[in-house]
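Chemist: If you scroll down you'll find the structure; I have some questions about it.
The values are calculated or read from the model by the stated rules, or taken from the named source; none is laboratory data. Keep in mind it's a predicted model, so treat the numbers as computed, not measured. Ideal geometry is used to build each Cβ from the backbone, glycine not excepted, and the neighbour counts take in all protein chains shown. We work out accessible area using only protein heavy atoms, side chains counted, and drop any ligands, DNA or RNA first. Shrake-Rupley method; radii C 1.70, N 1.55, O 1.52, S 1.80 Å.
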Amino acid sequence: MTVTPSRKLRRRWLETLLPEVAFDGWTEAAAARAARQAGLDQGEQALAAPRGVIDLIDGFFEEAGEAAKADLAAQDLSGMRVPDKVKAGVLAWLKALEPHREAVRRAVSRGMVPWNAGPALQRGWAVADFIWDAAGDTAEDYNRYSKRGLLTAVLPPIVLYWLDNPSEADLDDYIARRLAQVSGAGRTAGKILGPLLDAIGSKGPNSGKAPGARS
């Protein structure tokens, strides 16, 4: 994958910022200090993160997502049941976040305030999307939305549980139970949403896109 200049600069910025986030949080002041330490001028900062801290948080989770994708690509998931593939995806993502657990905790705290709910939701959807892709899901109808939507909804409680440093066995069991719960909800939702979305023409030219995606 080609790494853009903006992403290279953002990585450089994050390398300096992440050690400070655990103490100071994802603040503009911490970001400004890290930018100076990384030797980024105003133009480079604007290219790397035009929205400031929000873009830096997005970049942090994007990097974790790419690491999780690479991890999943190296695994043989072919013999697994679909729920186990999804669980493997969640675990791969958490493994990628592990080195910066406190940065995740700070991001979660920031994401809980209303004015940051939108970016947090988009990040969750992106994670759910690549996990389902790795699990082999190719749905393009309402099932695509419901699977990713339900997984997006269950990721926050999983992250909160993970932040408390559970044992590996307890974490595995918790994720399995959460996924089983949303699987049941998904089957119920499918019975209701399927005929409804078909009736209103959900299979038009914009089908298969995440909520809020631009055409």
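Chemist: Normalised by the residues of region 1-96, what does the relative contact order come to in percent, with Cα pairs under 8 Å and at least six apart?
Modeler: So the answer I get is 27 percent.
Chemist: Right, something else. Want the number for M80 to L163: 0.36 nm per residue separation, take away the alpha-carbon distance, what's left?
Modeler: Fully extending the segment from M80 to L163 adds 27.2 nm.
Chemist: Express in % the proportion of alpha carbon pairs of region 1-156 at distances exceeding 21 Å.
Modeler: Percent of Cα pairs beyond 21 Å in region 1-156: 49.
Chemist: Summing Lys, Arg as +1 and Asp, Glu as -1, what charge do residues with Cβ under 10 Å from the Cβ of W132 carry, W132 excluded?
Modeler: Net of charged neighbours comes to +1.
Chemist: Now for a separate question. Excluding L40 itself, calculate the net charge of residues whose Cβ lies under 12 Å from the Cβ of L40, where each Lys or Arg counts +1 and each Asp or Glu counts -1. Walk me through the intermediate numbers first.
Modeler: Details: positive: K8, R10, R11, R12, R33, R36; negative: E15, D41, E44.
My count for the surroundings of L40 gives +3.
Chemist: Give, rounded to the nearest 20 debye, the magnitude of the charge dipole that region 1-156 has about its Cα centre when Lys and Arg contribute +1 at Cβ and Asp and Glu contribute -1 at Cβ.
Modeler: Charge dipole of region 1-156: 200 debye, to the nearest 20.
Chemist: Could you state how much accessible area E102 has, in square angstrom rounded to the nearest 10, with a 1.4 Å probe and all protein chains kept in place?
Modeler: 70
Chemist: Turning to a different aspect of this structure: Pick out, from I54, L14, L40, the residue whose Cα sits farthest towards the positive end of the charge dipole of region 13-67, with +1 on the Cβ of Lys and Arg and -1 on the Cβ of Asp and Glu.
Modeler: L40
Chemist: Only four residue types carry charge here, +1 at the Cβ of Lys and Arg and -1 at the Cβ of Asp and Glu. Report the dipole size of region 69-139 about the Cα centre in Debye, rounded to the nearest 20.
Modeler: So the magnitude is around 340 debye.
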